[in-house]
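The values are calculated or read from the model by the stated rules, or taken from the named source; none is laboratory data. Please read these numbers as outputs of a predicted model, since none were measured by experiment. Heads up, the Cβs are rebuilt from the backbone with ideal geometry, glycines too, and the neighbour counts pull from every protein chain shown. Heavy atoms of the whole protein, side chains included, go into the accessibility calculation; ligands, DNA and RNA do not. Shrake-Rupley method; radii C 1.70, N 1.55, O 1.52, S 1.80 Å.
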Amino acid sequence: MLNGLVILTSIVTSLHTYWPREYDKTYLNDEVSTLIKSTSLKTLADSIPFYIGVATSPNSEYEELISTEFNSLVAENHFKPGSLLKDANNWEFDFSDADRIVQFAQKNDMRLRGHTLIWGKYPGMTHPVEWIDQVKKSADPEIEMKAIISQYIKIVMGHFKGKVVSWDVVNEPMGSKGLYSCIFTEAMGEEYIEYAFREAHKVDPDCALYLNEQIVNYSSTQAKEFLNLLTRLVAKEVPIHGVGLQSHHINHIHDLDGMKKYIRSIAELGLDVEITELDMRLLLFGNENDPYNAQGDQYKNVVQICIADPACKGVTLWGLTDKSNWMDAIPPFKWKSPNSPNIFDEEMKRKPAYIGIWKALNGQSQQ
Ligand code: XIL
């Protein structure tokens with residue numbers, strides 16, 4: 001009987017955790033000041049100068065808003081191998097969607113980042129499954145993998161040469177204890193990273209080359225190993241120019257002091273930094289008095305930390321409005337709402353997250 005009650009209570013508790021919640025949108029009671037309404041994020045960022053960017057899709061219905069608020073752009077999905085490479089066996093590409101993003105950036109004089117060339121997680125999306133067989137069947141997997149990496153980078157970076165000024169050459173190389181084991185490490189070990197950067201530099205010597213990673217805990221083994229990897233790359237004079245810290249707040253609110261020190265450690269290696277994929281699930285702030293405001297404070301603090309370090313060149317937001325965001329589309333996040341991770345709400349009203357970024361940029365632009 002008692003056991004039954006304990007089981008029932010834990011079922012109800014865990015269901016409760018997954019039950020969608022709603023938090024008070026207290027920000028709707030406050031009038032947004034005329035100054036904030038009339039001075040865009042882009043205007044403030046330009047005067048620092050600093051990059052404030054957003055991830056987008058081709059033909060976004062928000063193009064006007066995006067070109068007003070941001071001076072930098074990245075494709076959320078359309079520059080990834082899964083979007084560009086239509087037939088991996090025959091090296092057939094379709095650049096039409098990606099080119100629409102290029103045209104949009106050019107028309108509005110926005111900087112364009114490329115995301116991403118080599119990515120070892122999730123076969124099918126981050127690299128074609130055909131490559132797996134091709135490498136396995138070859139007499140020398142290392143040579144075969146090098147040929148694939150080199151060919152892919154030549155075609156894709158070559159296509160965007162002069163239009164994309166900064167590329168994430170390798171995305172998410174780390175696992176929790178060290179290098180993430182994937183098709184690339186199986187064939188080449190750690191060397192695949194160095195190889196990709198050297199090939200990228202050959203194709204476009206003017207392009208800033210980035211290693212992009214998601215780090216949540218800056219004192220974790222993953223964070224330490226990533227720094228060790230960067231140290232090795234720099235010591236070998238690999239043409240790497242910067243590090244992207246994705247900064248998705250998905251399951252945890254990130255430790256800001258740790259992040260600040262980590263950015264400094266990267267800077268001391270002589271590398272630039274960018275916050276490349278910033279977003280924050282609202283429910284992480286669910287225990288706060290006012291979750292929307294708490295989310296706004298965290299946005300403000302992250303942007304402030306980046307602006308304050310001369311090595312940190314910009315912040316890119318991974319989405320614009322809560323109306324459509326990637327977390328609502330992907331399990332397990334979609335099961336646990338509210339995600340509401342972006343700076344405009346479903347009605348395109350400015351959230352405290354917007355105001356937080358505005359204040360961070362404004363503070364610096366006046367110094
Ligand atoms: C995500 C996109 O936002 C989704 O639309 C897509 O379904 C999956 O990929 N880290 C990355 C990004 O480097 O490319 C991912 O983007 C989010 C996590």
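Each residue of the range 155-168 was assigned a 3J(HN,Hα) from its phi angle through the Karplus curve 6.51 cos²θ - 1.76 cosθ + 1.60 (θ = phi - 60°); the sequence is 5, 6, 5, x, 4, 9, 4, x, 9, 9, 9, 8, 10, 7 Hz, with glycine and proline shown as x.
Whole-Hz Karplus values for the range 339-353 come out as 7, 5, x, 9, 9, 10, 7, 4, 9, 6, 7, 5, 8, x, 4 Hz, taken residue by residue from phi with 6.51 cos²θ - 1.76 cosθ + 1.60 and θ = phi - 60°; glycine and proline positions read x.
Look at the dipole of the range 32-365 built from charges on Cβ: of Ile132, Val234, Trp91, the Cα furthest out on the positive end belongs to Val234. A probe of 1.4 angstrom, applied to the heavy atoms of all protein chains, finds Val216 with accessible area near 50 square angstrom. Scanning residues 5 or more positions from Thr276 or on other chains, those with amide H under 5 Å from its amide H are Leu245, Gln246, Thr316, with H placed 1.01 Å from N in the peptide plane. If you run the Gaussian network model on the chain, springs between alpha carbon atoms under 10 Å, then out of Asp99, Asp206, Asp133 the most flexible one is Asp133. Taken per residue, the accessible surface of the range 32-365 reaches 40 Å², heavy atoms only and a 1.4 Å probe.
GNM remark for the chain: springs join alpha carbons under 10 Å apart, and the peak mean-square fluctuation among Ser72, Ser38, Ser265 falls on Ser38. Under a model in which nothing but the beta-carbon of Lys, Arg (+1) and Asp, Glu (-1) is charged, the range 32-365 shows a dipole of about 460 debye around its Cα centre.
Applying the Karplus relation 6.51 cos²θ - 1.76 cosθ + 1.60 with θ = phi - 60° to the range 143-148 yields 3J(HN,Hα) values of 5, 5, 5, 4, 5, 5 Hz, where x marks Gly and Pro. Rounded, prolate or oblate for the range 32-365? Axes are the square roots of the Cα gyration tensor eigenvalues, ordered a ≥ b ≥ c, and the cut-off for rounded is a/c under 1.5. Prolate is the answer for the range 32-365, as a/c is 1.5 or above and a/b outweighs b/c.
For the chain, what does -39500 (n - 2.57) per DSSP helix run (n ≥ 4), summed and divided by total residues, give at 222 nm, in deg cm²/dmol to the nearest 500? It would help to have the intermediate numbers written out before the result.
Details: 15 runs with 164 residues, N = 367.
The per-residue figure over the chain is -13500 deg cm²/dmol.
Rounded to the nearest percent, how much of the accessible area of the range 1-148 (1.4 Å probe, protein heavy atoms only) is carbon and sulfur? Could you put the intermediate results ahead of the total?
Working: 4490 of 8360 Å².
The value for the range 1-148 is 54 percent carbon and sulfur by accessible area.
Taking the centroid of alpha carbons for each part, the range 73-100 and the range 304-336 are 22 Å apart. Between Val54 and Ser72, Leu73, Val74, Leu317, the built amide H atoms are under 5 Å apart, and every one of these is 5 or more places off in sequence or on another chain.
A 1.4 Å probe over all protein chains sorts Asp30, Asp255 by accessible area into Asp30, Asp255, starting with the largest. Projecting the Cα atoms of Asn325, Ser67, Met280 onto the charge dipole of the chain (Cβ charges, centred on the Cα centre) puts Met280 farthest toward the positive pole.
First select every other residue whose beta carbon is under 15 angstrom from the beta carbon of Gly175; then total the charges, Lys and Arg +1, Asp and Glu -1.
-2
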